[in-house]
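Structure first, then comments.
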Amino acid sequence: MQDSLEALGWSSFFAEAFTPYESEGLIPGRVAVQERGAVVLFTAEGSIKAETGGRLLGETGQPVAGDWVAAEVLAGEGRAIVRALLPRRSRFARKEPWLTEEQVIAANVDTVFLVTDCGPDFKPRRLERYLTAAWDSGAAPVVVLTKSDLASDSAAAVEEAESVAFGIPVHAVSSVTGTGLEELAAYLQPGRTIALLGSSGVGKSTLANRLLGEDRLTTGDLRRDGRGRHTTTHRELVSLPGGALLLDTPGMRELQLWADEGALEETFSEVADLARECRFSDCSHAREPGCAIQVALGNGSLPQARWESYRKLQGELRALAIKQDARLKSEERKARRRFARSRRRTKW
């Protein structure tokens, strides 16, 4: 266990946010593991289990792995209570299935390793979705292609990933042979936090164990089709030998976006550049004259599949924005009705 807050990722940003709680005798801690109604905190004095409490949950949401909190240590009891959640510098989030609500997966991450494999699991359209969520998170995305030892042509997989991940580092690695792992060392600096994100069975836990230098996280055997099995069941922040912090997460079978169109423009930067070249600023990119996107589709410089993926994700984000606006309006109406009822009770 590290013996300083800086080694845990503490910075002036969090120190300033913690200032009001210092006079109350609270201590800063970083969430290492999230459990039901409780968390395990890393602190300057070691790890301690802390209750989160319903009041905190209702006001600011549940702390997640990577969060910094202000906690009260209960003397002589070996446990603590989380009293406040500090502001986040970054957060990777998705939309809750069936609900118009945000689900935060990881917080205060510096670099996001978007993990997929070089084989049959590699899907450019899914990578575009993860990239959009990563750009919205505030963390720096890096694409990591695992199982290069099983790929017939890992260089081709890298080239295909680079064709959708413009300007983003792409690394092909093998957790079995160790090939390519040295390229990841540049991101694993002391006090830096790296999150592993990807779908089920792409080799995140195997990669994590290789970076840890020991088999600490459970892994699954390959299926007959070469795909991995889902093994990670919770999010956990662990310390790497060189001083970086690694956050492994369960594989996601579905990633519904919780972002805005600004993140989409980061992922599809060439589409955004083309749209700015259109003759009309409100071009729908359908039949208008002078549409740069239609020209690019016609000459093949913008692949049709790439354009269709952009339009699909754009429609998803616009539908989310409409639902969010409708929910806010509904909450405002409910608040007005509650206020009106309170006024009537006061009057009578």
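The values are calculated or read from the model by the stated rules, or taken from the named source; none is laboratory data. Predicted model only: the values in this text are computed from it and were never measured. Methodologically, a virtual Cβ is constructed for each residue, glycine included, from the backbone with ideal geometry; neighbour enumeration extends over all protein chains shown. When the accessible area is computed, the model is the full protein with side chains, heavy atoms only, and any ligands, DNA or RNA have been set aside. Shrake-Rupley method; radii C 1.70, N 1.55, O 1.52, S 1.80 Å.
Please identify the DSSP H helices in the chain that span no less than 24 Å along the helix axis (Cα) and have a mean Kyte-Doolittle hydropathy of 1.0 or more.
Long hydrophobic helices here: none detected.
Subtracting the Cα-Cα distance from 0.36 nm times the residue separation, let me have the gained length for residue 261 to residue 326 in nm, one decimal.
Contour length minus Cα-Cα distance gives 21.6 nm.
Find the centroid of the Cα atoms in the stretch 143-198 and in the stretch 59-79, then give the distance between the two in whole Å.
34
Need one number: nm distance between label points at residue 177 and residue 301, each 7 Å from Cα along Cα→Cβ, rounded to one decimal.
Output for this residue pair reads 3.8 nm.
Identify all lysines with a Cα-Cα distance to residue 312 below 18 Å; exclude those on the same chain that are fewer than 8 residues away in sequence.
95, 123, 323
How much accessible surface area, in Å² rounded to 10, belongs to the heavy atoms of residue 4 with a 1.4 Å probe?
Number for this one is 40 Å².
Check the cysteines of the chain one by one and keep only those with no other cysteine Cβ under 4.7 Å from their own.
118, 291
According to a simple spin-label model (label point 7 Å from Cα along Cα-to-Cβ), what is the distance in nm between residue 234 and residue 333?
4.1
Order 24, 96, most accessible first, counting only protein heavy atoms with a 1.4 angstrom probe.
24, 96
Would you please name the chymotrypsin sites (Phe, Trp or Tyr not before Pro) within the stretch 237-337 that are DSSP coil residues with at most 16 other C-beta atoms within 10 Å of their C-beta?
Answer in residue order: 280.
At 0.36 nm per residue, and after removing the present C-alpha to C-alpha distance, how many nm does the segment from residue 4 to residue 44 gain when stretched out fully?
13.9 nm
With the convex hull built on the Cα atoms of the chain, state its orientation-averaged projected area in nm².
If you wrap the Cα atoms of the chain in a convex hull and average its projections, you get 23.5 nm².
Nearest 20 debye, what's the magnitude of the dipole of the chain about its Cα centre given +1 on Lys and Arg Cβ and -1 on Asp and Glu Cβ?
So the magnitude is around 2320 debye.
Out of 196, 246, 150, any idea which swings most in a Gaussian network model of the chain, alpha carbons joined below 10 Å?
Maximum fluctuation in the GNM of the chain, among the listed residues, is at 150.
Would you work out which of 61, 115, 48 lies farthest towards the positive end of the dipole of the stretch 1-147, given +1 charges on the beta-carbon of Lys and Arg and -1 on that of Asp and Glu, about the Cα centre?
115
If we count trypsin sites (Lys or Arg not before Pro) as exposed when they sit in a DSSP loop and have at most 15 other beta carbons within 10 Å, what is the longest stretch of the chain that avoids them all?
With a cap of 15 other Cβ atoms within 10 Å, the longest stretch comes to 37-215.
Pull out the extension gain between residue 281 and residue 212, defined as 0.36 nm times the separation in residues minus the alpha carbon to alpha carbon distance; nm, one decimal.
Full extension of this stretch gives 19.8 nm more.
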